[in-house]
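Following: one structure in structure tokens, then a few remarks.
Each value in this text was obtained by applying a stated rule to the coordinates, not by laboratory testing. Bear in mind that the values here come from a model prediction, so they are computed numbers and not experimental data. Note that we place each Cβ from the backbone using ideal geometry, even for glycine, and neighbour counts take in every protein chain shown.
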Amino acid sequence: MSRVVAVSRRPIWIALSIALLIHTGLISIQAGHRFDTRFVRMWLLDSLAPLEKLVDRSLYGIVYVWDSYFALIGTHKENEQLKQQVDELKLQLEKRREDVIEVERLRTLLSIQDTGIGRTAVSRVIGRDPGRANQTVTIDKGLSHGLKPDSAVITANGIVGRVIHSSNFFSIVQLVIDSQSAIGVMLESTRRQGVLKGNGTRELELEYIDDDNDLKEGMKFITSGQDRIYPKGLQVGVITSVGPRRGLLRTVQVRPAADLDRLEEVICVLDRPQNVDVVDPALGPPAP
Amino acid sequence: MVRITTFGIIGRFALALVAVVVIQGILSFKFKVFGYFDLPLICSVYYGFTLGNPVASIVIGSALGLMQDSLSGAVLGTNGFSKTLIGFMAASAGSKFNVDQPITRVIALFLFTIGDGLLVSILGLMVDSTSGTTYSGALGGWILSATFNTLLGLILFGYHDRWGNATT
């Protein structure tokens, strides 16, 4: 390996100082909110995310070709024998089964629309946080598709997270399990309101609830809509453990309803929830 | 005869750096365990050790960090700051120690990963100290990440050494 020739070290210190100053400047202006730095992130995201999408689509294509063709080479003969055994009725039955699956899928999607969440856009997840510090994913929809910071991102199973940065064609979504994520929730059965918080692990923690005495494993949390990000009534997660009291509250772990490890397509909610009485959960429900 | 211009070299370098960040993002998404690896960090350390040019190492570390920040939800500049320092320190270490020795590489990769995690967390807290982020399990994560990075780094460095020797 080559070695540094000891000539003048001045250019090195100058380069180091300039680089550190640039980064310190970026950090400090974000901390003080003095300048809008979104354009820097937008430019970088619009430059890098297309490559990420390209690699993702290429991988998807390779897997698809493999699954559709090469993986079937050995089964061709067997398939031919099976085809001879299949009669017209069985083919029709298969067709009906496909129809049933399609109807069920459409019903699931329609039930989401029925909750009154407004306009949505289906988006594909193309990448994850390259570092380990944040629980974020990159999706292939951005400002030009109607997404903006704080747009809710969901699946048919439950909420996924919210958009935190958007460029023209791509967005970064903060997952609900991120340590900086908090969701206004309520228990599906008792309607008690609370706040669930991510902690960087696979589960959520109960940050606050009106009364935690009747909490049991298996109880479901849904969105309360009071954070003005997630529409009311969407599945958030299920209580997996109720531990001993730590301070005022019990330690309650909640498993997210959406499978955050296997995200492929997500639904982005373009309209912010309306007509929700904003109440601070810490202050309790409003007086009648 | 192929003429390699300075512009061509810089272009190839830039492409390689972008590829590193994009591959890291894709692999972290496809395979959960890849979240523990930090290819940009390994890349910063490798170029710091091998280029023999601290200014180039600083620029590479800086660019890698900034790209990493832009594809994550992190505060812009936190990874950039950290990787800049790592690039500089790796280049300085390359001129003072025998970085061809596996033990030097192991120690460097391990310590640089821990330092990177620590610095990025501190800078993140400085920007948003009210976030309530819990760092109770952070040290365990950093150690795990440092172990993964060290192993992967050793393999990649060894592969590059062999490939480099074979082509010269």
Item to check | Distance between modelled label sites at A:Leu82 and A:Ser47, nm, 7 Å Cα→Cβ extension | outcome: 5.0 nm
Next on the checklist: Between B:Asp161 and B:Ala16, what is the label-point separation in nm under the 7 Å Cα-to-beta-carbon projection?
Outcome noted: 1.8 nm
Checklist entry - Counting partner chain Cβ atoms within 10 Å of every residue's Cβ in A:49-60, what's the average? => result 3
Checklist outcome for this item: Site A:Val242, offset 7 angstrom along Cα→Cβ, radius 18 Å on amide nitrogen, limited to region A:217-232, gives A:217-222
Checklist outcome for this item: Asserting the computed 222 nm helical MRE of chain B (DSSP H runs at least 4 long, -39500 (n - 2.57) per run, divided by residue count, to nearest 500) equals -27000 deg cm²/dmol
Checklist entry - So how strong a dipole does region A:118-181 carry about its Cα centre when Lys and Arg Cβ are +1 and Asp and Glu Cβ are -1, to the nearest 20 debye? => result 120 debye
Checklist entry - What is region A:210-273 by shape, rounded, prolate or oblate, if you read a ≥ b ≥ c off the alpha carbon gyration tensor as root eigenvalues and call it rounded for a/c under 1.5, prolate for a/b larger than b/c, and oblate otherwise? => result oblate
Checklist entry - Could you give the angle, 0 to 90 degrees to the nearest 10, between helix B:54-70's Cα long axis and the longest principal axis of the Cα atoms of chain B? => result 40 degrees
Item to check | Ranked A:His165, A:His145, A:His76, criterion: other C-beta atoms within 10 Å, fewest first | outcome: A:His76, A:His145, A:His165
Item to check | Length released on extending from A:Tyr69 to A:Arg96, taking residue separation times 0.36 nm less the Cα-Cα span | outcome: 7.2 nm
Checklist entry - Using the count of nearby Cβ atoms within 10 Å as a rough guide to exposure, how do B:Ser28, B:Ser72, B:Ser92, B:Ser82 rank from fewest to most? => result B:Ser92, B:Ser28, B:Ser82, B:Ser72
Checklist outcome for this item: Calc'd 3J(HN,Hα), region B:107-117, phi into Karplus 6.51 cos²θ - 1.76 cosθ + 1.60 (θ = phi - 60°), Hz, glycine/Pro = x, comes to 4, 4, 4, 5, 5, 5, 5, 4, x, 4, x
Checklist entry - For labels at B:Val33 and A:Ser28 in the simple 7 Å Cα→Cβ model, what's the distance in nm? => result 4.4 nm
Item to check | Helix axis angle, B:138-167 relative to chain B longest principal axis, alpha carbon, degrees | outcome: 10 degrees
Checklist entry - To the nearest 0.05, how large is the calculated FRET efficiency for A:Arg191 and B:Leu139 if R₀ is 30 Å and r is the Cβ-Cβ distance? => result 0.15
